[in-house]
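Participant: Structure incoming, see below.
The values are calculated or read from the model by the stated rules, or taken from the named source; none is laboratory data. Since this is a predicted model, take the numbers as computed values, not measurements.
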Amino acid sequence: MDNNNNNALDYTEFVTAAMQKNEVFTDEKIRQCFKIFDINGDGTISVVEFKTILEGKQNLSMEVWGKMI
């Protein structure tokens, strides 16, 4: 997913990953989802932002979350 290995997903990487999973997503739905994950609005999804949105009650290390990206 993180094609440039900067430990963050930019919009293009996010869209590429989303489109590989399901052809049903519209561009608008993908943009809305990206904005939810991009908490600070800088145009990328950091490991911390990814973890914040998805972690819930799980207690995974930052290393595990980093590998997900």
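Participant: Any chance you could count how many residues in the stretch 1-43 are in a loop (DSSP other than H, G, I, E, B), at pLDDT 75 or above, at negative phi and not β-branched (Val, Ile, Thr)?
Facilitator: So the count comes out to 7.
Participant: I've got another one for you. When only residues in the stretch 44-69 that are among the polar types (S, T, N, Q) and part of a loop (DSSP other than H, G, I, E, B) count, which is modelled with the highest pLDDT?
Facilitator: Pass one, the stretch 44-69, residues among the polar types (S, T, N, Q): 44, 46, 52, 58-59, 61.
Subsequent filtering for residues that are part of a loop (DSSP other than H, G, I, E, B) retains 58-59, 61.
Working: Gln58: 62, Asn59: 71, Ser61: 77.
Looking at residues that are among the polar types (S, T, N, Q) and part of a loop (DSSP other than H, G, I, E, B), I get Ser61.
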